[in-house]
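Read the figures in this text as sums done on the coordinates, not as results from a lab. What you see is a predicted model, and the numbers here were worked out from it, not measured in a lab. Virtual Cβ from ideal backbone geometry, glycine too; neighbours counted across all protein chains shown.
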């Protein structure tokens, strides 16, 4: 986005100048309408966002919010909702229309910069969540030093600044209906496609893969040790253990998508793999909803109470007949 300040406007940036053709001509040159996939993405994104709202409200409860892992999960949830609004809802709208970069150059540039920053921000948050759980279970003193109290907020500033760097100082992505994904190359200048490459983004994804592998090795030994100390029944009831496993599952999806996005920058991939990567990107930001509701009993029960599908269990004391006076 710093290029906007340098050139005065988006269309004045040489790499993103669409003056060669009209909007209608750009659509005919590269636009492909996807009415069914587009509607699916809109419904998918809106559904995930709506489901996320009561889940976050449960996490904000005092008994959970005081835990550092829930603070991190809230940050991840907010980033996920923002990302879904672009990579699913807006993607669906543009796909139905069969839009390309030059149909909405200003919108593509701004929204592409934002969603790129959100992706990189979420990568660091997910790694932070796994690291938080690992430190909590294997190095409690380190976890206390890094995440106790307000320190969690300080740690969450890191991924925010990291994401802002990508939004402000690197090339944005833009939606292209022909490939049904967000690409760095806006398909404006065929002979300048290499200039659109976003090297910091590739480095980010490579590092995500490398760091995730290291964390997984640590995770393996931590879980192995933890499992040998507690019974299967206690594993299912141990909230810390549950969140550790759930964090690992979320991180696994990020790992697979990061590998595909790295390959996309260096190898010409078939269209079906590119579309698969787009769907995985959408799934990454929605999968926490599924994991929380299916595997986290605490969040699931709170979620159902929020929707008034499950009433709070009345205590046995309140049903005890001795609590009522016979003289009434």
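General remarks:
- Per principal axis, descending, Cα span of segment 83-153 in whole Å: 54, 18, 14
- In units of the compact-protein estimate 2.2 N^0.38 Å, segment 33-81 shows a Cα radius of gyration of 1.49.
- Fewest-first ranking of 22, 111, using other Cβ atoms within 10 Å as the exposure measure: 22, 111
- Taking all Cα-Cα distances within segment 76-122, those exceeding 18 Å account for 28%.
- Reciprocal of mean inverse Cα separation for segment 22-127 (Kirkwood radius, Å): 15.4
- Projecting the alpha carbon convex hull of segment 125-217 along each direction and taking the average yields 7.9 nm².
- As a rough footprinting exposure proxy, the listed residues 62, 47, 152, 212 were ranked by other beta carbons within 10 Å of their own, and the order from fewest upward is 62, 47, 152, 212.
- Each peptide in 4-12, 129-137 receives the mean, over its residues, of other Cβ atoms within 10 Å, and ordering these scores from highest gives 129-137, 4-12.
- Chain lengthening between residue 145 and residue 283 when straightened (0.36 nm per residue, less Cα-Cα): 46.3 nm
- For residue 106 and residue 297, a Förster radius of 41 Å and the Cβ-Cβ distance give a FRET efficiency of 0.35, rounded to the nearest 0.05.
- For segment 71-204, the equivalent ellipsoid derived from the Cα gyration tensor has semi-axes of 35, 15, 11 Å, listed largest first.
- Placing dummy labels 7 Å off each Cα toward the beta-carbon, the span from residue 198 to residue 9 is 2.4 nm.
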